[in-house]
Amino acid sequence: MEQLEKQDRTIRKLKKQLKVYSKRIGEMGGMLEYKKEDEMKLVKNLILELKPRGVAVNLIPGLPAYILFMCLRHADYLNDDQKVRTLLTSTINSIKKILKKRGEDFETVSFWLSNTCRFLHCLKQYSGDETFAKHNTPRQNEHCLTNFDLAEYRQVISDLAIQIYQQLIKCIEGTLHAMIVYGMLEHETIQGVSGVKPTGLRKRTASIAEDDTYTLESMLRQLSAFHSTMCQHGTDPELIKQVVKQEFYIIGAVTLNNLLLRKDMCSWSKGMQIRYNVSQLEEWLRDKGLMNCGAKETLEPLIQAAQLLQVKKKTDEDAEAICSMCHALTTSQIVRILNLYTPVNEFEERVSIAFIRTIQTRLRDRSESPQLLMDTKMIYPVTFPFNPSSLALETIQIPSSLNLGFLTRV
C-alpha cells in the first residue's frame, strides 16, 4: 500500500515536471539557432544563391522571410545584441546585393519584394506592440521578441522595400514599353475600322516593325504573367493593387504621348480603336478583381483623348461639350489633338482654326500645367499596409533543398 502511494506521488511529481517542461518548450518553439560562424552560410544559401522559381512553386510564400525571422527570434531570446545586429545587417546587404546583380529580372525582384515585406510584417507582428499584436493568436503572442526594440530597423527595411518596389516598376516599364505603342495604337484590334488611310499622310516606317510583333492580346498576357508571378510569391494583395495601378498609368501615359506626337494616330477611327482597347484593359481588371484599385482612373486622360477624336468639332455647343468632357487633359493636349486631327476620308473636314481658338478662349482660366506630354517615369508613392500572417512559426518546415541543415530548431 505504502509503495503504491509512493508511486502515486512520483507520478504526480513527474506529471507536474512534464507540465512545466512542456510549457517551457511551448514558450520557445518557432525559433532557429545557428552558430555565429554560420551566418554567412545562412545568407548565402537563403538569399544570394536562392533560385526564386524553385522556392516559389514548391514552398510556402515568404519562407525565406519566416526563416530569417525565426533566426532573429533566437538571437533576441539569447539577448545577443551583436548577433541581432549582424544578422539584420547581413540580411539587408545581401538583398541589396542580389538586386544589384539581378535587378533586371522581374521574378527575382518580385520574390524579394514579397519576402522583404513579409519580414517587415513579422518584425511588426511579433514586436509586442499592442497595435500589431491584437491580430495574433495567444500562441503567436508567446513568440514576440522579448529583449530588443527593432523599430529603427523596421524603418530601414521599409526603405529597402520602397527601393525594391521602384526597381520592380522599372522592370515592368522596360518590358511593357515596347508593347504599348503596337498593342494600343498600331495593331488593329477591330478589323477594317481604319478603312482608308488618313489623307495626305506618307507611310510611316520609323516605329512600325515589319511584322506585327506585339498585339493588345500579347500585352494583356504579359500583364497576366506579372500578376500570377506576384500572386505565386505571396505578394500582399494591397501591394499588387498598387503595382497594377502603376502599370495602367504607364500604359495610359505612353499611349497618350504617342498620340500627341503622331498625326497618323489622330483620326476618328483611331479614337474608336483606343476606346475598344481600353475596354479590354478594363475587362482584364474585372477578371482579376481589381476594378477598385485606382488603375481604371489612370486611363482617364487617354479615354478623353479618344472621345475627343470622335466627337463633333464645329459649333460653339461642340466646344462647350469638349471643354466639360476633357477635364483630365491639359489645354495644350486638347489643342494639339485638334490641330493634328486628320480626316479619314474626303467627306470629313479638318478642325477649323476658329474652333480651336474658341476652345483656347474657353479654357484660358484653367489653372494647370502647360506641359504637353505626360511624365511616363512618374511613380505613385507606395505604402505597405500591415498584413499579419496566421501561420504558426513552430509549424514551418524547412526543406532539405535549401541546404540549411546547420540550423537547429529550438
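If you check Ser228, Ser224, Ser279 for being under 17 Å from the mean Cα position of the chain (by Cα), more than 15 Å from Leu176 (Cβ to Cβ), in a helix (DSSP H, G or I) and of a type in the set (Gly, Ala, Ser), only one passes: Ser228.
With respect to Asp287, is the statement that it is farther than 30 Å from Ala225 by Cα and surrounded by fewer than 17 Cβ atoms within 10 Å (Cβ to Cβ) true? Lay out the reasoning, then the answer.
Details: farther than 30 Å from Ala225 by Cα: no; surrounded by fewer than 17 Cβ atoms within 10 Å (Cβ to Cβ): yes.
Taking the combined requirement at face value, the residue does not satisfy it.
Kindly list, by first and then second residue, each pair from a residue in the stretch 390-403 that is more than 12 Å from Gln125 (Cβ to Cβ) and modelled with pLDDT of 90 or more to a residue that is open to solvent by less than 60 Å² (accessible area, probe 1.4 Å) and part of a loop (DSSP other than H, G, I, E, B), limited to pairs with Cβ atoms under 6 Å and residues at least 6 apart or on different chains. Close Cβ pairs (under 6 Å, with a partner that is open to solvent by less than 60 Å² (accessible area, probe 1.4 Å) and part of a loop (DSSP other than H, G, I, E, B)) amount to Glu394/Gly29; Glu394/Gly30; Ile398/Leu404.
Would you pick out the residues in the stretch 337-354 that are polar (S, T, N, Q) and either touching a residue at least 24 places away in the same chain (Cβ under 8 Å) or touching an Asp or Glu at 6+ places or on another chain (Cβ under 8 Å) (or both)? Selection gives Thr342, Asn345, Ser352. The residue that is nearest to Leu407 (Cα to Cα), counting only those in the stretch 33-51 that are among the aliphatic types (A, V, I, L, M) and open to solvent by less than 90 Å² (accessible area, probe 1.4 Å), is Leu42. Within the stretch 316-336, being farther than 20 Å from Gly252 by Cα and touching a residue at least 40 places away in the same chain (Cβ under 8 Å) holds for Asp316, Ala319, Glu320, Cys323. Among the residues making up the stretch 151-162, a single one is open to solvent by 50 Å² or more (accessible area, probe 1.4 Å), under 16 Å from Pro381 (Cβ atoms) and touching a residue at least 40 places away in the same chain (Cβ under 8 Å): Ile162.
The residues of the stretch 163-188 that are under 14 Å from Ser110 (Cβ atoms) and hydroxyl-bearing (Ser, Thr, Tyr), listed by number, are Tyr165, Thr175.
Would it be correct to say that Gln371 is at pLDDT below 95 and not small (Gly, Ala, Ser)?
Working: at pLDDT below 95: yes; not small (Gly, Ala, Ser): yes.
So Gln371 passes the test.
Can Thr86 be described as without any contact (Cβ under 8 Å) to a residue 60 or more places away in the chain, in a helix (DSSP H, G or I) and under 26 Å from the mean Cα position of the chain (by Cα)? So Thr86 does not fit the description; no. Helices (runs of 4 or more DSSP H) fully within the stretch 112-184 that include at least 2 residues being under 20 Å from the mean Cα position of the chain (by Cα): 151-180.
The one condition from (1) among the hydroxyl-bearing types (Ser, Thr, Tyr); (2) in contact (Cβ under 8 Å) with a residue 40 or more places away in the chain; (3) open to solvent by 40 Å² or more (accessible area, probe 1.4 Å); (4) over 30 Å from Cys122 (Cα atoms) that Ser279 does not meet is (2).
Checked against (1) touching a Cys at 6+ places or on another chain (Cβ under 7 Å); (2) open to solvent by less than 10 Å² (accessible area, probe 1.4 Å), Gln246 passes all but condition (1). Do the conditions hold for Ile172, that is, is it closer than 30 Å to Ile98 by Cα, at pLDDT 95 or above and surrounded by 19 or more Cβ atoms within 10 Å (Cβ to Cβ)? Yes, satisfied.
The values are calculated or read from the model by the stated rules, or taken from the named source; none is laboratory data. Small disclaimer: the values here were computed from a predicted structure and weren't measured. Quick reminder, even Gly has a Cβ in these numbers, built from the backbone with ideal geometry, and neighbours come from all protein chains shown. With ligands, DNA and RNA removed, areas are computed over all heavy atoms of the protein, side chains included. Shrake-Rupley method; radii C 1.70, N 1.55, O 1.52, S 1.80 Å.
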